[in-house]
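Just so it is clear, none of the values below were taken in a lab; they were calculated from the coordinates. In this text, all values refer to a predicted model and were calculated from it rather than measured experimentally. Glycine also receives a Cβ, built like all others from the backbone with ideal geometry; neighbour counts cover every protein chain displayed.
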Amino acid sequence: MSELILHAAHLSEAHQLRFSYLFEVAAKHWRDKQPSQTAKPATELWVIDAHSAPDAIQNRSHGSFVLLIATDDQAQAARAQWPDQIDAQLPPDYSVGRLTQVLEHLSVQAHGKRLRETLKNRRQHSMTLGHDVQLKNADAAFLKATDLSLPTVVAEPLPEPAADVPVANATAVPAAPGNLPAAGTRFRIKRWTQLTGSMAGQAHRQLLAAMISGDRDLDELADRTQLERAEILRVLQVLRGKGVLVETAPPPATPAVALATPAPPAAHAAEPGAASAKLGLFRQLSRWIHQNRASDPH
Amino acid sequence: MHHPIKRIVLLGPMGIGKTTAIRSLCGSLAIECDVPNLDKQAHAKETTTVGLDFGEIKLDDEDTLQVYGCPGQERYDFVREWALSLAFGAIVMVDIHDPQAMEQTINLIQQCHAAPNIQAIVVLIARPASAAQQEMFTVRLSAHAECVVPVLSADPRNPSQMLDTLDIIAAMLPDEVQPR
């Protein structure tokens, strides 16, 4: 089975939705046309747009292919600026058929390129998936495309992955204690996004609402939803893959103060007298809604 | 002790379902201000709201949440401005199949931001739309700096779905603790 390594994180949000939907179909068409008895090497594809081209072209790994989604004028300008760097172009209103053709074209060109060499240059925000994985929806695509083991707040490229890791296994792993974000990391989303599949529930929307209205740490997020911490981490992973998550690392602790000061109470611990304080509007509304649901036959 | 009255407002074009949504949320504690609709060119429905629709939700023994539905016609924008000035939350209802939907929604969100006390704004897609259509609308709306808000989908006739919408507003609020 031939493989396709996809890097679409450099694609701006305006193009990501269309691409995520059409790619799923196009990749299936493309795979169906592959001769099953012929084992082809993997193809690494970077999907970019005019806005992200400078950064993506600079950072892409050697030997990878670049697909530019842009108007003809933008593509002409990009080709003038980076000769021989753009392998294919699609207009912003491309169809599934056009995308499938591009995949076939690149697949032919990819003959002879080695997967492991390209994987070595995989960067933190890239999205990697084997196209032979059955994808149920766009969220699943992003989930599989995002490696949970990546550091939470990193600006530098990842260290090289283990050389013998097969691409087909480069899917998300369940959240584990070792993969938790740094304590105190705060999360926010840049825009609302429609979650689908198992993440289409009200609790998940509450989670998004909490993050769109402010920077929240994991404790606050858990407090504002009915979700388990592992599920929150899973959602964060999807949002990270979609490129809508903003993560703010906690300020570095001052060692002298940290050594001299006893362990501070947990951020969410009740303050003295809080028990006698009036509930905030959030609590009041939440409680009323909960009570109303309990008594509502709907 | 003084308890400031808490209010949210429902905004949106004529006929989108603001009156219905208040009825769904507040049940018998709703007062409607509908009169025969004389502007059948704008919308074919038989009645429309003048003044403000109004409903109440008893949060507890002391506090009440008031829900206002603003008339959708542009000529009543002064009513909308007044209601927004009193509210902490706004639900902007929209039919994303309407060619004017994006422009109307952006305009209403900007009006919400101009209000002094608004802490939570939610866009409510009040007509059936596919997930892809909703996401596309969300992405386009979010391209405007002031419009980074939740975009939900609910049937105004469905109390449970309207509760979900209110729940999202609750999730956006600061969890302030007020001293007695």
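Using only alpha carbon pairs under 8 Å that are at least six residues apart, calculate the relative contact order of the stretch B:58-180 and give it in whole percent. Please list the in-between numbers first.
Numbers: 134 pairs, mean separation 26.8, N = 123.
RCO, the stretch B:58-180: 22 percent.
What number comes out for the charge environment of A:ALA70, summing +1 per Lys or Arg and -1 per Asp or Glu over other residues with Cβ under 12 Å away?
Values: positive: A:ARG79; negative: A:ASP49, A:ASP72, A:ASP73, A:ASP93.
Within the 12 Å Cβ shell, the charges total -3.
What pairs in A:LYS242/B:LYS6; A:LYS190/B:LYS6; B:LYS18/B:LYS58; A:LYS190/B:LYS18 have C-alpha atoms more than 31 Å from each other?
On the way: A:LYS242/B:LYS6 36 Å; A:LYS190/B:LYS6 28 Å; B:LYS18/B:LYS58 20 Å; A:LYS190/B:LYS18 28 Å.
As for pairs spanning more than 31 Å Cα to Cα, those are A:LYS242/B:LYS6.
At 0.36 nm per residue, and after removing the present C-alpha to C-alpha distance, how many nm does the segment from A:GLN58 to A:ALA230 gain when stretched out fully?
Values: separation 172, 0.36 × 172 = 61.92 nm, distance 3.56 nm.
Contour length minus the Cα-Cα distance gives 58.4 nm.
Using a basic spin-label model with each label point 7 Å from the Cα along Cα→Cβ, how many nm lie between B:ASP61 and A:ARG293?
Distance between label points: 2.6 nm.
Quick one: if the Förster radius is 22 Å, what FRET efficiency do B:ASP77 and B:GLN119 give, using the C-beta to C-beta distance and rounding to 0.05?
Working: r = 22 Å, r/R0 = 0.99.
Efficiency, rounded to the nearest 0.05: 0.50.
Can you give the FRET efficiency to the nearest 0.05 for A:ARG283 and A:ASP84, using r as the Cβ-Cβ distance and R₀ = 41 Å? Don't jump to the answer; show the numbers that get you there.
Values: r = 61 Å, r/R0 = 1.48.
E(calc), rounded to 0.05, equals 0.10.
I need A:HIS29, A:HIS204 ordered by Cβ neighbour count within 10 Å, fewest first.
Details: A:HIS29 15, A:HIS204 21.
Fewest-to-most Cβ neighbours within 10 Å comes out as A:HIS29, A:HIS204.
Pulled fully out, how much extra length does the chain show between A:ALA77 and A:ASP223, if you take 0.36 nm times their separation in residues and subtract their Cα-Cα distance? Mind dumping the intermediate values first?
Numbers: separation 146, 0.36 × 146 = 52.56 nm, distance 4.99 nm.
Fully extending the segment from A:ALA77 to A:ASP223 adds 47.6 nm.
For each of A:VAL96, A:VAL235, count neighbouring Cβ atoms within 10 Å of the residue's Cβ, then give the residues from fewest to most. Please report the intermediate quantities before stating the final value.
Working: A:VAL96 15, A:VAL235 23.
With the fewest neighbours first, A:VAL96, A:VAL235 line up as A:VAL96, A:VAL235.
For A:ASP93, what charge total do you get from the other residues with a beta carbon under 14 Å from its beta carbon, if Lys and Arg give +1 and Asp and Glu give -1? Write down the numbers at each step before the final one.
Numbers: positive: A:ARG18, A:ARG98; negative: A:ASP49, A:ASP72.
With Lys, Arg at +1 and Asp, Glu at -1, the net is 0.
Kirkwood Rh over alpha-carbon pairs of the stretch A:177-248, then Stokes-Einstein at 25 °C and 0.890 mPa s: what D in µm² s⁻¹, rounded to an integer? Display every interim value, and only then the final one.
Numbers: Rh = 12.0 Å.
Reported coefficient: 205 µm²/s.
Efficiency by 1/(1 + (r/R0)^6): what FRET value for B:ASP98 and A:SER95, r their Cβ-Cβ distance, R0 = 25 Å, to the nearest 0.05?
Working: r = 26 Å, r/R0 = 1.06.
The value I calculate is 0.40.
Please list the non-local residues whose amide H lies under 5 Å from the amide H of A:VAL246, H modeled 1.01 Å from N, same-chain partners needing a gap of 5 or more.
Here the answer is A:ARG188, A:ILE189, A:LYS190, since their amide H atoms fall under 5 Å of that of A:VAL246.
Going by C-beta contacts inside 10 Å, put B:GLU103, B:GLU135, A:GLU231 in order with the fewest on the left. Before the final figure, lay out the partial values.
Working: B:GLU103 10, B:GLU135 23, A:GLU231 18.
The fewest-first ordering by Cβ neighbours comes to B:GLU103, A:GLU231, B:GLU135.
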